[in-house]
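Participant: Have a look at this one before I ask anything.
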Amino acid sequence: MLGFLLARQAGLDDPLRLRRAESTQRVLGLELNKDRDVERIHGSGVNTLDIEPIEARYMLSGGSDGVIVLYDLENSSRQPYYTCKAVCSVGRNHPDVHKYSVETVQWYPHDTGMFTSSSFDKTLKVWDTNTLQTADVFNFEETVYSHHMSPVATKHCLVAVGTRGPKVQLCDLKSGSCSHILQVIFAGHRQEIMAVSWSPRCEYVLATASADSRVKLWDVRRASGCLITLDQHNGKKSQAVESANTAHNGKVNGLCFTSDGLHLLTVGTDNRMRLWNSSNGENTLELYSGSRDCNILAWVPSLSEPVPDDDDETTTKSQLNPAFEDAWSSSDEEG
């Protein structure tokens, strides 16, 4: 680090090199907090967590036992070592408790008075935080794997829901009905929807991940719906080719947008994590190819631009992705 500082002081280095080096050092130094713990309420595995975006004080957790717990993360004791207490919970004796595993919980993006939960019991429930009672319940014909509310929407109150069927359902919180189903015969998914995520940049753009190895971007205002199907090989886009595009060589079971909405991160059962340009669908870089006991995975900006293939003369510097992976494994085998 001293070398970076001296080079920067002498004007020999780009300032971004110092910032990226420091970011890398901090990420690789991450470890579990030794001062803070969370009260144990769940009797089995925890599937989902969400911290409300208003104060970043309250956290929801959903477990495979169907229980939902609300925690207060604030250190009211002012002691250096403390345990975050559970404020309340929807336990097994609650009349509205989910019958089966809770797969997703999410706070209402604009205040803490409401949150949502979805479960293997084929329901999406809207909760009043103050009374801990359900304000609305959406019932589905298929098992629910995931749901998401847009963090930036001002013109709609749609909740995207991914189910065991090959379709994404949009539930309107204003009208209390499933207002629209994203299902296009030639461009839709062929298997269950494992994950859904609204773009934080455009309130009408939705990303979906499926067990059919595909990731799709949708504009919910359009009749045809599907904007693009991500292709891990960055092949030439045509309707014929796009129908065969795959994002991973296996089920895609997770995805999320970066905070600026410019990129999309996906993870699959092929032990790959990929970063995509959300505007053109380009696969920017394969971030991680896992070994059997990877301990640390960090994504940080690259220190230098990657070199394009010799046969790709159309690639410009602006198209290159300034990112790389830094992974460490305790295994002696190379990943």
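Participant: Report, in listed order, any pair from LYS167/LYS216; LYS34/LYS99; LYS125/LYS174; LYS174/LYS251; LYS122/LYS251; LYS99/LYS216 with a Cα-Cα distance greater than 23 Å. Before the final figure, lay out each step's value.
Facilitator: Numbers: LYS167/LYS216 12 Å; LYS34/LYS99 35 Å; LYS125/LYS174 14 Å; LYS174/LYS251 33 Å; LYS122/LYS251 21 Å; LYS99/LYS216 31 Å.
The answer is LYS34/LYS99; LYS174/LYS251; LYS99/LYS216.
Participant: What are the residues whose amide H is under 5 Å from the amide H of VAL215, where those residues sit 5 or more places off or on another chain and H is modelled from the backbone?
Facilitator: Answer set, sorted by chain and number: LEU230, ALA247.
Participant: Right, next: Rounded, prolate or oblate: which fits the range 47-203 when a ≥ b ≥ c are the square roots of the eigenvalues of the alpha-carbon gyration tensor, with rounded for a/c under 1.5 and prolate only if a/b beats b/c?
Facilitator: Working: a/c = 2.02, a/b = 1.61, b/c = 1.25.
Verdict is prolate for the range 47-203.
Participant: Per residue of the range 244-260, in order, report the coupling 6.51 cos²θ - 1.76 cosθ + 1.60 (Karplus, θ = phi - 60°) as ³J(HN,Hα) in whole Hz, putting x for Gly and Pro.
Facilitator: Karplus-based 3J(HN,Hα) across the range 244-260 equals 9, 5, 10, 8, 9, 9, x, 5, 9, 10, x, 7, 7, 7, 5, 4, 8 Hz.
Participant: List every residue whose amide H lies under 5 Å from the amide H of GLY254, counting only residues 5 or more places away in sequence or on a different chain, with H placed 1.01 Å from N in the peptide plane.
Facilitator: VAL267
Participant: I've got another one for you. Any idea what the dipole of the range 52-95 comes to, in debye rounded to 20, about its Cα centre with Lys/Arg Cβ at +1 and Asp/Glu Cβ at -1? Please report the intermediate quantities before stating the final value.
Facilitator: Details: 4 positive and 5 negative charges, 29 e Å.
The dipole of the range 52-95 has a size of about 140 debye.
Each value in this text was obtained by applying a stated rule to the coordinates, not by laboratory testing. All of these numbers come straight from a predicted model, not from anything done at the bench. Positions of Cβ are backbone-derived with ideal geometry, glycine not excepted, and every protein chain shown enters the neighbour counts.
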